[in-house]
Amino acid sequence: MQHYSGFGLLKHSFSHHENWQRVWRNPTPKKKYDVIIVGGGGHGLATAYYLAKEFGVTNVAVIEKGFLGGGNTARNTTIVRSNYLWDEAAHLYEHAMKLWEGLSQDLNYNVMFSQRGCLNLGHTLQDMRDIQRRVNANRLNGIDGEVLDAQQVQEIVPVLDCSDRARYPVLGASWQPRAGVARHDAVAWGFARGADSHGVDLIQQTEVEDLIIEDGTVVGVRTARYGEIRADRVGCVVAGNSSVLAKMAGFELPLESHPLQALVSEPIKPILDTVVMSNQVHGYASQSDKGDLVIGAGIDGYNGYGQRGSYSTIEHTIQAIVEMFPVFSRVRMNRQWGGIVDTCPDACPIISETPVKNLFFNCGWGTGGFKATPGSGHVFAASLAKGEMHPLAKPFSMFRFHNGALVDEHGAAGVAH
Amino acid sequence: MFHIYCPYCCEYREEEEFHAAGQSHIARPLDPDACTDKEWGEFMYFRANPRGIHHELWVHAAGCRQYFNITRDTQTYEIKEVYKVGEQPTVVANNAK
């Protein structure tokens, strides 16, 4: 793999940047792999990367029906934070946060990780009590966090309406200075390049039609384009389509797929240098390095596989943003899109063994999977390499819906689902 | 934006008046004390999530506040039929269990 550096940039400028190496190969799959990962999004590519780099399993294929990072990775609002309430979730997201902090160096690829901080606003007394509880829980878990009053919030974000004239006045916020944003596409591309350089085969434009299961053990996948591809272990990381794949394997997952949408405005001058989220009025916004406001919405209330979302959700979102930032009321919106998120009844992911031997699932991240990308990939890779679940992944077994050990992050995740 | 026919108001109204309440036709176990953990967990948390025909419970929240059923395609978003609680759907997916 060609190493990226300032010197390399200078060297290539002499040949008009025409001789850069291809970022990844486009190989024909082998007949058999140690591990097949179904799904070439951020989490799948991160899994492949850590499998090869940390755990020495390099005979790996990632099978993607479209193109790499073309699903939810390309459709999120790029926010990274780890201020979750429950220990299990906090540890998992903090594991990811620590990997984020060294990710650009590790991958030799600039993922534009920017620790610009994240505010979760409180608009009612109960919000403020929940915020205090969550910040205390975070600090007990070694995660940075502070409780701010309205005046401190106003100092951090001058354009936010912190007056008492608002319908839901800002009373304060939780503040995680180490949180921030990362460039979502670069994350997928960086992991893909890293995985490829360690010998992982990235198979694009290949849809998995069926899982091959013999005697209750998965032995490979059947693809539309290359027929059967065998493997010792199979990991499914297919976000919105997990239920469809689980059905092929003959079991059910407690998931519902909903469209989640986001929108960006026209680029404007720098005005917002942090991430602002509000659970109460339900909107969240940040400003990208390019200058557009990145605005997140809630999920549609009903199941759907159409990657677009409903109009009424856009209206609610814009209402929330204008409530918080009256100054944005005349900013024009450029684009809107939807991604399909598979939501769990307890708003936590499923990283799990399944009733089928050697078949593993990593899904159900709901509305907040992007922030976990490196951590999710790392613990899933460890589980696939050893054949048993990583300690951080164990509480997220799919069997928790049978034994009742739920990790209920609904109200605690910082923003409603 | 859906235009939903409420079978109680007997009128088409806009989606904003309604609220989706998840999968319909979920039977509560007749004898919960006799359920295994697995059976109870499946009743509580496991819902159909088809890519295609789906039977859903909706409530006319800002209207007559009655619950009723909708058969809808989750891929095309086409509403196939609307029927009252207690009635059975006429449009059913080919691969339904």
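For residue A:388 and residue A:244, compute 0.36 nm times the residue count separating them, minus their Cα-Cα distance, and round to one decimal in nm. Spell out each step's value before the answer.
Values: separation 144, 0.36 × 144 = 51.84 nm, distance 2.40 nm.
Once the chain is fully extended between residue A:388 and residue A:244, it gains 49.4 nm.
In peptide B:45-58, how many Cβ atoms from other protein chains are near each Cβ within 10 Å, on average?
That average works out to 5.
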Rg and Dmax of chain B, Cα atoms, in Å? 14.8, 44
Which distance in nm do the two modelled labels at residue A:315 and residue A:290 give, with both placed 7 Å along the Cα-to-Cβ direction? 2.9 nm
Cross-link partners of residue B:84 among lysines (Cα-Cα below 28 Å; sequence separation of 8 or more within a chain): B:97
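At most 16 other Cβ atoms within 10 Å and a DSSP loop assignment: could you name the GluC sites (Glu not before Pro) in segment A:289-390 that fit? Don't jump to the answer; show the numbers that get you there.
On the way: sites: A:315, A:323, A:353, A:388; in loops: A:388.
Counting only loop positions with at most 16 other Cβ atoms within 10 Å, the GluC sites (Glu not before Pro) in segment A:289-390 are A:388.
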Under a cut-off of 23 Å between alpha-carbon atoms, report the lysines in cross-link reach of residue A:65, not counting same-chain residues fewer than 8 places apart. A:30, A:31, A:32, A:247
Accessible area per residue, 1.4 Å probe, Å², for segment A:76-198: what's the number? 41 Å²
GluC sites (Glu not before Pro) restricted to segment A:27-120 and DSSP loop, no more than 16 other C-beta within 10 Å: A:54
Which cysteines in chain B lack any other cysteine whose Cβ sits under 4.7 Å from their own Cβ? B:10, B:35, B:64
Taking N as its residue count, the alpha carbon Rg of segment A:326-417 over 2.2 N^0.38 Å: 1.35
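Mean projection of the alpha-carbon convex hull of segment A:53-118 over all orientations, in nm²?
On the way: hull surface 25.7 nm².
With every direction weighted equally, the projected area is 6.4 nm².
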Pick out which of A:81, A:22, A:230 has the largest mean-square fluctuation in a Gaussian network model of chain A, springs linking Cα atoms closer than 10 Å. A:22
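What share of Cα pairs, in percent, lie more than 18 angstrom apart in segment A:198-265? Please report the intermediate quantities before stating the final value.
Numbers: 1102 of 2278 pairs.
Percentage above 18 Å: 48.
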Proximal aspartates and glutamates to residue A:269, defined as alpha-carbon separation beneath 20 angstrom and excluding residues fewer than eight positions away on the same chain: A:155, A:161, A:289, A:292
When the dipole is taken about the Cα centre of chain A, and only Lys, Arg (+1) and Asp, Glu (-1) are charged at their Cβ, what size is it in debye, to the nearest 20? 860 debye
Just to confirm a number: summing +1 for Lys and Arg and -1 for Asp and Glu over residues other than residue A:181 whose beta-carbon lies under 13 angstrom from that of residue A:181, what do you get? +2
For residue A:222 and residue A:13, extending 7 Å from Cα along the Cα-Cβ vector and measuring point to point gives, in nm, a value of 5.6 nm
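If you add up the charges near residue A:54, with Lys and Arg at +1 and Asp and Glu at -1, over every other residue whose beta carbon is less than 12 angstrom from its beta carbon, what do you get? Working shown, then result.
Values: positive: A:53, A:386; negative: A:106.
Taking every other residue near residue A:54 into account, the sum is +1.
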Express the C-alpha Rg of segment A:131-240 as a ratio against the empirical globular expectation 2.2 N^0.38 Å, rounded to two decimals. 1.84
Find, to one decimal place in angstroms, the Kirkwood hydrodynamic radius of the protein assembly as shown, where the mean of 1/r is taken over every pair of different Cα atoms and then inverted. 24.1 Å
When the scattering of segment A:205-309 is computed by the Debye formula from its Cα atoms alone, each counted once and equally, what is log10 I(q)/I(0) at q = 0.17 Å⁻¹? -0.87
Please report, largest first and rounded to whole Å, the three semi-axes of the ellipsoid equivalent to segment A:344-391, where each semi-axis is the square root of five times an eigenvalue of the C-alpha gyration tensor. 19, 14, 7
Compute the distance in nm between two label points, each set 7 Å from the Cα along the Cα-to-Cβ direction, one at residue B:31 and one at residue A:403. 2.7 nm
Connecting C-alpha atoms closer than 10 Å in a GNM of chain A, tell me which of A:271, A:37, A:203 has the biggest fluctuation. A:271
Would you tell me the mean number of C-beta atoms belonging to other protein chains that fall within 10 Å of each C-beta in B:14-21, as a whole number? 3
Assuming R0 = 25 Å, can you tell me the calculated FRET efficiency for the pair residue A:357 and residue A:252, based on Cβ-Cβ distance, to the nearest 0.05? 0.90
What share of all Cα pairs of segment A:289-356, in percent, falls into each consecutive 10 Å distance bin? 15, 39, 28, 13, 4, 1
Pick out which of A:172, A:227, A:309 has the largest mean-square fluctuation in a Gaussian network model of chain A, springs linking Cα atoms closer than 10 Å. A:227
Subtracting the Cα-Cα distance of residue A:108 and residue A:59 from 0.36 nm times their residue separation yields 15.4 nm
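The values are calculated or read from the model by the stated rules, or taken from the named source; none is laboratory data. Since the model is a prediction, treat every value here as computed from it, not as a measurement. We place every Cβ from the backbone using ideal geometry, glycine too, and count neighbours over all the protein chains shown. Each accessible area value is taken on the protein alone, full model and side chains, heavy atoms only, with ligands, DNA and RNA left out. Shrake-Rupley method; radii C 1.70, N 1.55, O 1.52, S 1.80 Å.
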